[in-house]
Every structure is written in structure tokens, then in C-alpha cells.
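Asks: Questions regarding the structure given below will be posed in turn.
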Amino acid sequence: MMASKEVDLDDYDIGIIGLGIAGSNLARLLLPHLKVIAIDKKDSQGNCFDAGFHKPCGGLLSKGAQKCFANQSLTLPKEILSSPQPFAINTIDLPSKVGSYIPKHYVSVERHRLDLWLKSLIPPHIEVWHNAFLRV
Ligand SMILES: Cc1cc2nc3c(=O)[nH]c(=O)nc-3n(C[C@H](O)[C@H](O)[C@H](O)COP(=O)(O)OP(=O)(O)OC[C@H]3O[C@@H](n4cnc5c(N)ncnc54)[C@H](O)[C@@H]3O)c2cc1C
């Protein structure tokens, strides 16, 4: 049986529920004068007590997403890159059955590893609860 511990979110200035791309990035950017708690289902290795939990994501980083990382001086570690790296998408117009390749400047990443990497960048002044979930 899993040990359980509870916390009152009213004791914090900010509560972040879920450390995917959005939550982890927010947690990394918040300043130390705020009292912040961040709660995530996954542990720091990416395991999850919720066996039904899967992330539906193709792991393609758009140009805009790449720009966001660059603007924050973040470069992707090579461990999170996956292969093959697509640079064009084969599309088919169904009525005419005409196919064409459209250039797309995506970077392909292993999405789970991307989440864990971003989670690892959260600074120590943020109180992170792994293996935890919000109960309302
Ligand atoms: C089929 C599919 C394919 C996609 N492909 C792409 C793609 O190729 N490229 C792209 O850029 N986007 C893609 N997306 C969109 C992308 O997955 C989302 O935009 C992105 O995951 C949103 O990030 P997030 O941080 O808001 O949430 P999430 O990535 O969903 O992260 C939320 C995290 O919160 C945690 N969590 C959830 N509930 C709780 C709870 N109650 N308590 C505690 N923790 C909790 C979990 O650990 C979870 O990882 C795709 C989406 C789908 C459905």
C-alpha cells in the first residue's frame, strides 16, 4: 500500500498541478520569493503509480516551440532527440489522390524524456511532490 501524506494548497502562493512541459517550465521561471508547490503524478524517473497513465504525444517540436526554448537559452540534450528526424511530411489530397511532400522543420523528441529533463531543471526553491496527485 502506498504511504499517503496530505498538504493544504492554501498554505502556498502558487500550486502547480502536473509537471508536463507547461508546469515544469512555469516552475522553473517562478522567482524564489513565492512559496510554490508543484505536484506531479510521475516520480523523478518517470514511473507513475497510475498504471493507466500514458501521454498521447507524437513528440514533434514545432518551429515555435524550438524558438521558445532558444529564447530561454535552453538547448535540447541529445539524449532526448529521437530518430528519424522528419523534415518533410507526405500528405495526400484524398479526392484527387494527389500526394505531395510539405517541408516541416520539426525536431523529433522522445516526449517522456523531454518531460523528465524539464522536470529536472526545476530549481530547489520550488517544493516538488513526485508521485502525488491533486484531490478536490
Ligand atoms: C495524440 C496526440 C499527439 C500529439 N502530438 C504532439 C506533437 O507531436 N507535438 C506537440 O507539440 N504536441 C503534440 N500534442 C499536444 C501535446 O501533447 C500537449 O500540448 C502537451 O502535452 C501539453 O502539455 P502540458 O504540460 O500542458 O500537459 P501534459 O503534457 O499532459 O502534462 C501534464 C502532466 O501532469 C501530470 N498530471 C496530470 N494530472 C495530474 C493530477 N491530477 N495530479 C498530479 N499530476 C497530474 C502528469 O504527470 C502529466 O505528465 C499531441 C496531443 C495528442 C493528444
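Asks: Scanning for something closer than 19 Å to D40 by Cβ and either touching a strand residue (DSSP E or B) at 6+ places or on another chain (Cβ under 9 Å) or modelled with pLDDT under 95 (or both), does region 70-77 turn up at least one residue?
Replies: Going residue by residue through region 70-77, those that are closer than 19 Å to D40 by Cβ are none.
Within region 70-77 (the criterion being closer than 19 Å to D40 by Cβ and either touching a strand residue (DSSP E or B) at 6+ places or on another chain (Cβ under 9 Å) or modelled with pLDDT under 95 (or both)), the answer is no, since none of the residues qualifies.
Asks: Ok, one more. Can you name the number of the only condition in (1) more than 11 Å from the ligand (Cβ to nearest atom); (2) over 26 Å from A27 (Cα atoms) that P86 fails?
Replies: (1)
Asks: Let me ask you something else. Which ones in region 89-136 are away from the ligand (no atom under 16 Å from the Cβ) and at positive phi?
Replies: Within region 89-136, K97 is the sole residue that qualifies.
Asks: Please work out which one of (1) surrounded by 12 or more Cβ atoms within 10 Å (Cβ to Cβ); (2) farther than 21 Å from I126 by Cβ; (3) in contact with a strand residue (DSSP E or B) (Cβ under 9 Å, 6 or more places away or on another chain) is the condition N90 fails and give its number.
Replies: Tallying (1) surrounded by 12 or more Cβ atoms within 10 Å (Cβ to Cβ); (2) farther than 21 Å from I126 by Cβ; (3) in contact with a strand residue (DSSP E or B) (Cβ under 9 Å, 6 or more places away or on another chain), N90 fails exactly one: (1).
Asks: Output yes when any residue across region 37-51 is modelled with pLDDT under 90, part of a loop (DSSP other than H, G, I, E, B) and of a type in the set (A, V, I, L, M), and no when none is.
Replies: So far as region 37-51 goes, yes, one or more of its residues are modelled with pLDDT under 90, part of a loop (DSSP other than H, G, I, E, B) and of a type in the set (A, V, I, L, M).
Asks: Within region 55-73, identify whether any single residue is within 15 Å of the ligand (Cβ to nearest atom), in a loop (DSSP other than H, G, I, E, B) and in contact (Cβ under 8 Å) with a residue 60 or more places away in the chain, and answer yes or no.
Replies: Checked region 55-73: at least one residue is within 15 Å of the ligand (Cβ to nearest atom), in a loop (DSSP other than H, G, I, E, B) and in contact (Cβ under 8 Å) with a residue 60 or more places away in the chain.
Asks: Also, quick follow-up: I122 - would you say it is at pLDDT 95 or above and β-branched (V, I, T)? If you could, list the steps in order and put the result at the bottom.
Replies: On the way: at pLDDT 95 or above: yes; β-branched (V, I, T): yes.
Answer is yes for this residue.
Asks: Out of K55, K104, K119, K63, which single residue is among the basic types (K, R) and closer than 24 Å to S4 by Cα?
Replies: Exactly one residue qualifies, and that residue is K119.
Asks: Restricting attention to region 22-39, which residues are within 10 Å of the ligand (Cβ to nearest atom) and surrounded by fewer than 17 Cβ atoms within 10 Å (Cβ to Cβ)?
Replies: Of everything in region 22-39, those that are within 10 Å of the ligand (Cβ to nearest atom) and surrounded by fewer than 17 Cβ atoms within 10 Å (Cβ to Cβ) turn out to be A22, L26.
Asks: Right, something else. Given (1) surrounded by 11 or more Cβ atoms within 10 Å (Cβ to Cβ); (2) not in a strand (DSSP E or B), identify the lone condition not met by P95.
Replies: Single failed check for P95: (1).
Asks: Name every residue in region 105-134 that is in a loop (DSSP other than H, G, I, E, B), of a type outside the set (G, A, S) and either surrounded by 15 or more Cβ atoms within 10 Å (Cβ to Cβ) or in contact (Cβ under 8 Å) with a residue 40 or more places away in the chain (or both), in order of residue number. Working first, answer last.
Replies: Going through region 105-134, the residues in a loop (DSSP other than H, G, I, E, B) turn out to be 105-106, 110, 121-126, 130-134.
Now drop any that are not of a type outside the set (G, A, S), which leaves 105-106, 110, 121-126, 130-131, 133-134.
Scanning region 105-134 gives H105, Y106, E110, L121, I122, P123, H125, I126, H130, N131, F133, L134.
The values are calculated or read from the model by the stated rules, or taken from the named source; none is laboratory data. What you see is a predicted model; the values in this text were computed from it and never measured. Reconstructed Cβ throughout: ideal geometry from the backbone, glycine too, with neighbour counts over all protein chains shown.
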